[in-house]
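Student: Just passing along the structure, written as structure tokens.
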Amino acid sequence: MSDSTKTCLVVDDSRVVRKVARRILETQGFIVREAEDGQQALLACRAAMPDSVLLDWNMPVMNGLDFLKALRSEFGPGQPPVMFCTTENDISFIEQAIENGAQEFIMKPFDEEILLGKFSQVGLL
Amino acid sequence: MTPRSFTSIAALLMAGSGLSIGPDKTYLLENRLAPVMRKHHLDSLDALAAKLRPVSFGSMPGGLEQDVIEAMTTNESFFFRDDKPFTHFRTRALPQLLADRPAHAKLRIWSAAASTGQEAYSLAMILQESAAMLAGRSVEIIGTDISREALGRAREGLYTQFEVQRGLPMQSLVKYFRKEGSQWRIADSLRQMVQFRSLNLLADLRSVGQCDAVFCRNVLIYFDQPTKSRVLAAIARQMPSDGVLYLGGAETVLGITDAFTAQAHERGVYERVILPPAQAALCPPSFAGAAARG
Ligand SMILES: C[S@@+](CC[C@H](N)C(=O)[O-])C[C@H]1O[C@@H](n2cnc3c(N)ncnc32)[C@H](O)[C@@H]1O
């Protein structure tokens, strides 16, 4: 079930990744917004909280984990669901993601099936 | 490939694994059998077809015939596939089965087309997480498949990054897997819960013993109607009267067997139907089915 009013903030310093994620999410009716680093993402959340966040780990200015910590401390736990999407794939990274309140973890490279599978796992599809 | 060659390969597949394949699938034979042709030094499907010996229904013939049968299986699987059957098993079937059985009775669960093991291991995860409910009761998970190669991978329990991202929540990944190079190895505690064996669903299934819950998912789709009926009837004989059967999203018992009935409002979940002996003897399956539907 796709809800056409759902928004997703895609946070990644790679334009290509943002474009690929946008294309996939838009087919499911998501309204996609983009940010290039954690700081831009935090400003975007303050302006209008998205329904979900797809989040890279390694980014200049503010990395994904620092963004997540800032987001959770400013707005409380749980909402919106945050899915990491990163080349980091060691257990320790996934553990840190869980500890800091991420809902899912996608290891790059990803494809449409994995991305949408994870969105549906956390109840966004 | 000549029509005669097609016919002999199709006949082998039908007798050997129940796979029903039409002439429009010639390209599939060409793709999937290329490695088998290389292995057996055959330069065409005609040459391959000419070497095939007839196999008896449901046998595991070994040699070239087995290689052909296995190469034509589709082994796609993923953890917690479709989610709902696993939720049903965890929240409904398992508590009910435990309540209905004496505390010393062993619970047996069968993944009947186990492929590379994701279904059986998903069940093992559920059972580990239900330890409190199980209260020390012993549980056995049996995973069977016709494909020795798929079973080899299942026993190995080593999955690619792609495979562990299909259906598996990150908490379970962290809890039950460790990284080995670029792959992910499943925990020994789960591996020890599952026994994988080769078994052809067309063969005599009695060696599996009685099973309280059977996952036979995404395999009947490859069979024709008579084979589906036969396999479901044979599975039913391995289940107690309160056993639960799970089929894949595109599979049903409707119009195929009277041995099971769909659980109301539960897609893909089926209960055993035991006809009283007198009625069972009076009604051949097709007639009983027509009567039940009519
Ligand atoms: C698509 S997989 C299904 C895996 C798993 N049950 C799931 O739903 O994800 C189908 C499996 O059925 C097996 N299979 C096909 N014909 C069979 C037969 N006659 N006896 C036993 N297994 C068979 C194949 O080898 C393959 O591994």
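Student: Among (1) more than 14 Å from chain A (Cβ to nearest Cβ); (2) in contact with a Lys or Arg (Cβ under 9 Å, 6 or more places away or on another chain); (3) away from the ligand (no atom under 15 Å from the Cβ), there is one condition B:C211 misses while meeting the rest; what is its number?
Tutor: (3)
Student: Under 7 Å by Cβ, and 6 or more places apart or on different chains, what pairs join a residue from the range B:177-197 that is within 12 Å of chain A (Cβ to nearest Cβ) with one that is open to solvent by 60 Å² or more (accessible area, probe 1.4 Å)?
Tutor: Note: pairs meeting the criteria are B:K179/A:D90; B:R185/B:R178.
Student: Here is a follow-up. Is it the case that B:R197 is more than 16 Å from the ligand (Cβ to nearest atom), assigned to a strand (DSSP E or B) and open to solvent by 30 Å² or more (accessible area, probe 1.4 Å)?
Tutor: no
Student: If you don't mind, there's one more thing I want to ask. Go through the range A:81-115 and give me each residue that's among the aliphatic types (A, V, I, L, M) and away from every other protein chain (no Cβ under 11 Å).
Tutor: Selection gives A:V82 alone.
Student: Just name the residue that is nearest to the ligand (Cβ to nearest atom) out of those in the range B:142-163 that are over 16 Å from the mean Cα position of the chain (by Cα) and open to solvent by less than 10 Å² (accessible area, probe 1.4 Å).
Tutor: That would be B:Y159.
Student: I'd like the full set of residues that are within 16 Å of the ligand (Cβ to nearest atom) and in a helix (DSSP H, G or I), limited to the range B:6-28.
Tutor: B:I9, B:A10, B:A11, B:L12, B:L13, B:M14, B:A15, B:G16, B:S17, B:K25, B:L28
Student: Every residue in the range B:52-101 that is open to solvent by 20 Å² or more (accessible area, probe 1.4 Å), of a type in the set (F, W, Y) and modelled with pLDDT of 95 or more, please.
Tutor: Across the range B:52-101, the qualifying residues are B:F78, B:F80.
Student: A further question on this structure: If you go through the range B:121-141, how many residues are aliphatic (A, V, I, L, M) and within 16 Å of the ligand (Cβ to nearest atom)?
Tutor: Number of matching residues: 5.
Student: Only one of A:D51, A:D13 is buried (at least 17 other Cβ atoms within 10 Å of the Cβ) and away from every other protein chain (no Cβ under 14 Å). Can you tell me which?
Tutor: On inspection, the qualifying residue turns out to be A:D13.
Student: Is there any pair linking a residue in the range B:60-88 that is of a type outside the set (A, V, I, L, M, F, W, C) to one that is within 11 Å of the ligand (Cβ to nearest atom) and open to solvent by 40 Å² or more (accessible area, probe 1.4 Å), with Cβ under 7 Å and at least six apart or on different chains, and which?
Tutor: Final answer for the pair search is B:Q66/B:M60; B:E70/B:R148; B:E70/B:E149; B:D82/B:G249.
Student: Ok, one more. Listed residues B:L33, B:L42; which is in a helix (DSSP H, G or I) and surrounded by 13 or more Cβ atoms within 10 Å (Cβ to Cβ)?
Tutor: Just one listed residue meets the conditions, B:L33.
Student: Here is a further query. Taking the stated definitions as given, is A:F119 open to solvent by less than 30 Å² (accessible area, probe 1.4 Å), within 14 Å of chain B (Cβ to nearest Cβ), under 23 Å from B:F78 (Cα atoms) and touching a residue at least 40 places away in the same chain (Cβ under 8 Å)?
Tutor: Yes.
Student: Something else about it: I want to confirm something. Restricting to the range B:203-262 and keeping residues that are outside any loop (DSSP other than H, G, I, E, B) and among the small types (G, A, S), which single residue is surrounded by the fewest Cβ atoms within 10 Å (Cβ to Cβ)?
Tutor: Checked the range B:203-262; the qualifying residue surrounded by the fewest Cβ atoms within 10 Å (Cβ to Cβ) is B:S207.
Student: So which residues in the range B:91-120 are part of a helix (DSSP H, G or I) and more than 11 Å from the ligand (Cβ to nearest atom), if there are any at all?
Tutor: Within the range B:91-120, B:T91, B:R92, B:A93, B:L94, B:P95, B:Q96, B:L97, B:L98, B:A99, B:D100 qualify.
The values are calculated or read from the model by the stated rules, or taken from the named source; none is laboratory data. The structure presented is a predicted model; accordingly, all values stated were derived computationally and were not measured. Don't worry about glycine lacking a Cβ; one is built from the backbone with ideal geometry, like all the others, and counts go over all protein chains shown. Please note that ligands, DNA and RNA were not included when accessible areas were found on the heavy atoms of the full protein model with its side chains. Shrake-Rupley method; radii C 1.70, N 1.55, O 1.52, S 1.80 Å.
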